[in-house]
Amino acid sequence: MNTFAVIIKHKTQPGKRDEVRAVWEKHMAPAVAANPGHLAYFYCFDNADPDVICAFQQYSSAEASQAFLQTASYAAYLVDVEPLLSGPPQVTALTPMWVKTS
């Protein structure tokens, strides 16, 4: 398996999680849906912390991950979302060893 994955944890400003989601839905949902490099994407609210969002992303390769970060959609997302976050995300890079699909 030659895919690449990341888990991203965002801490929002207090009470801003729904606003962050709206920004994500505006910029990222259509960009991810149209991106052939994304094999899987899970956008999740943390059940234990109302100000935390986690995303799991599986890409076709590490290069596909880096290419997505260079898109206009991602740049526009950053402009709109950064004021709503309490700081930079925690990013964990992963190498999938086994994946169950459908």
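Remark: pairs (first residue in region 12-36, over 17 Å from residue 68 (Cβ atoms) and touching a residue at least 12 places away in the same chain (Cβ under 8 Å); second residue open to solvent by less than 40 Å² (accessible area, probe 1.4 Å) and in a loop (DSSP other than H, G, I, E, B); Cβ separation under 6 Å; 6+ apart in sequence or on different chains) = 12/51; 14/51; 17/51.
Scanning region 65-86 for residues that are closer than 12 Å to residue 23 by Cβ and open to solvent by 90 Å² or more (accessible area, probe 1.4 Å) returns 79, 82, 83. Of the residues in region 33-45, none is at pLDDT 95 or above, crowded, with 17+ Cβ neighbours inside 10 Å and in a helix (DSSP H, G or I). Out of all the residues in region 11-31, is one or more in a helix (DSSP H, G or I) and among the polar types (S, T, N, Q)? No, region 11-31 contains no residue that is in a helix (DSSP H, G or I) and among the polar types (S, T, N, Q).
Of the residues making up region 80-92, just one is within 16 Å of residue 29 (Cα to Cα) and not charged (D, E, K, R), namely 81.
Please verify whether residue 55 is loosely packed, with under 14 Cβ neighbours inside 10 Å, within 21 Å of residue 3 (Cα to Cα), of a type in the set (A, V, I, L, M, F, W, C) and touching a strand residue (DSSP E or B) at 6+ places or on another chain (Cβ under 6 Å), treating the condition exactly as stated. In short, no. Among the residues of region 87-102, those identified as open to solvent by 60 Å² or more (accessible area, probe 1.4 Å) and assigned to a loop (DSSP other than H, G, I, E, B) are 88, 95, 97, 98, 100, 101, 102.
Taking the condition without any contact (Cβ under 8 Å) to a residue 24 or more places away in the chain and within 15 Å of the chain's Cα centre (by Cα), does residue 74 pass? In short, no. Within region 1-30, the set of residues being surrounded by 17 or more Cβ atoms within 10 Å (Cβ to Cβ), over 18 Å from residue 83 (Cα atoms) and touching a helix residue (DSSP H, G or I) at 6+ places or on another chain (Cβ under 7 Å) comprises just one member, 4.
The values are calculated or read from the model by the stated rules, or taken from the named source; none is laboratory data. Bear in mind the structure is a predicted one, so any value in this text is a computation, not a measurement. Glycine gets a Cβ as well: all are built from the backbone with ideal geometry, and neighbour counts include every protein chain shown. Areas reflect the complete protein model, heavy atoms only, side chains present, ligands, DNA and RNA absent. Shrake-Rupley method; radii C 1.70, N 1.55, O 1.52, S 1.80 Å.
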